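This report refers to the structure that appears directly beneath it.
The values are calculated or read from the model by the stated rules, or taken from the named source; none is laboratory data. What you see is a predicted model, and the numbers here were worked out from it, not measured in a lab. Don't worry about glycine lacking a Cβ; one is built from the backbone with ideal geometry, like all the others, and counts go over all protein chains shown. The area values use the complete protein model at the heavy-atom level, side chains included, leaving out ligands, DNA and RNA. Shrake-Rupley method; radii C 1.70, N 1.55, O 1.52, S 1.80 Å.
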Amino acid sequence: MSHRSCTIFSILLLLLIFTLLSPTQADETTPPTQKEEPQIKPINPDTDWGSFYDPKNVFCGKYDCYKILGFDYFQWGDAPPSLKEITKSYRSLSRQWHPDKNKAKGAREKFVVIAKAYEVLTDSTKRAEYDHFRDRPDEYFRKYGSGVLWEYAPKSDASFVIILFLIAGSAFTYYAQKSRWQKIANHLIKAAVEDASAMEGGSAESVEIREKAFEILAQKKAENGTVVDDGHEQESGGKKGKAGDKKKKGSKLNAKEKKEKEMEELRPIVVELVNEIDDFGAGFRKPTMHDLLVVRMVKWPYKITKSLLWWSKYFIRRAKKLPYNEEERETLTINAVGEVAWVAASDDDRQKMLTMDLWIMDNLIAWKEEQEMNQLGLSATRKKQLKKYIKKKGGLDAVYDDGIKLD
């Protein structure tokens, strides 16, 4: 072989070797191509599965069992899908959506719905009932009931609800007690400032507070060097002016202005005195921790037991026809006239009330009429006349109806 032939042969051999090695080199330099995962169609049952009235989830819930398996009720006409076609469709869909084979989000839920549809449509009795109810929701309602129009809220922690209730209840009972005390306090302040009589709602307590307020007011004026003289207010201890020893006099006030000024000066002192009273009696006292609902609830068993024992003893004594003892008379009298009237009464009035058997209605009415006449400030003669008239007419209301003057 000639030298030229050897050279050509060598070149061809090299080209062959390079050609054979080129794919291997390409594999070593080119990164391997990643295999793309198949794109799974998003689940959209609201558009793909139709709808059906099944609020009790007897069949496929709000979806159409046929539509779930790929059949359209409104298109097959007189040729509904056979059991074989339903089974075939189910197997195809189950292979696609079985959670062991499909890891997409929602695949498990969709597979459960598909299995439920297959269960309904392969049961001849259920399928017949399902087809019957399709256009007869009223019959479905009669058999299975309507959908739930409301639902329970998530369960709350019972202990939290109880604590919240106790806090709210305690706040309410506390301020309710404060309101009761404030109501009596406002009435007492008004009566003391305006010097109200018994007919106008005044009482011995309001008179006492008014007198004490006057003493404090006079003391304050004395400390300030103010002297009241015939309607003039004069300030003593002032410096002499150039015109001589003239006292600085205030303007003279008429009776109405004097009374208004007096009330204006007395009011803050009366308010301060009334605020010092913690308990007006009959439960009208300033609130304390004992008025909190929590504390009251703790005391309930004791109070209920005490009340039951008292009434048990009371009825036993009545059954034995024993006379009323002092405790029974006092309790029955307080229940009849009320705690407010009992506390407001003097010791002599209370003793008299205990002898009147006021728990008997006729006696109670007579006592109330007596109290009304006392408040009117009638003389003994006038009271006697009115009592005769009341006895004849049957009540104090008849006196007002007949227009008889009570003064």
Checklist entry - For residue 197 and residue 129 in one chain, what is 0.36 nm times their gap in residues minus the Cα-Cα distance, to one decimal in nm? => result 15.8 nm
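Report the full-extension gain for the segment residue 380 to residue 57: residue separation times 0.36 nm, less the Cα-Cα distance, to one decimal in nm.
Value of the extension gain: 107.6 nm.
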Next on the checklist: Output needed for segment 254-357: three equivalent-ellipsoid semi-axes, defined as square roots of 5 times the C-alpha gyration tensor eigenvalues, in descending order, whole Å.
Outcome noted: 41, 23, 8
Checklist entry - What is the set of long-range amide H partners of residue 285 at a cut-off below 5 Å, with H atoms built 1.01 Å from backbone N? => result 181, 280
Next on the checklist: Could you check the spin-label model distance between residue 282 and residue 347? Points 7 Å from the Cα along Cα→Cβ, value in nm.
Outcome noted: 2.1 nm
Checklist entry - Rg (Å, one decimal) plus Dmax (Å, integer) for the alpha carbons of segment 328-380? => result 10.9, 34
Checklist outcome for this item: Heavy-atom accessible area per residue of segment 258-316, all protein chains kept, 1.4 Å probe, expressed in Å², is 70 Å²
Checklist entry - Does a label point 7 Å from the Cα of residue 163, set along Cα-to-beta-carbon, have any residues of segment 253-297 with amide nitrogen under 20 Å, and which are they? => result 292-297
Next on the checklist: Quick check: pseudo-label points 7 Å beyond the Cα along Cα→Cβ at residue 216 and residue 365, how many nm apart are they?
Outcome noted: 4.6 nm
Next on the checklist: Run the simple label-point estimate for residue 186 and residue 316 please: 7 Å along Cα→C-beta, distance reported in nm.
Outcome noted: 4.7 nm
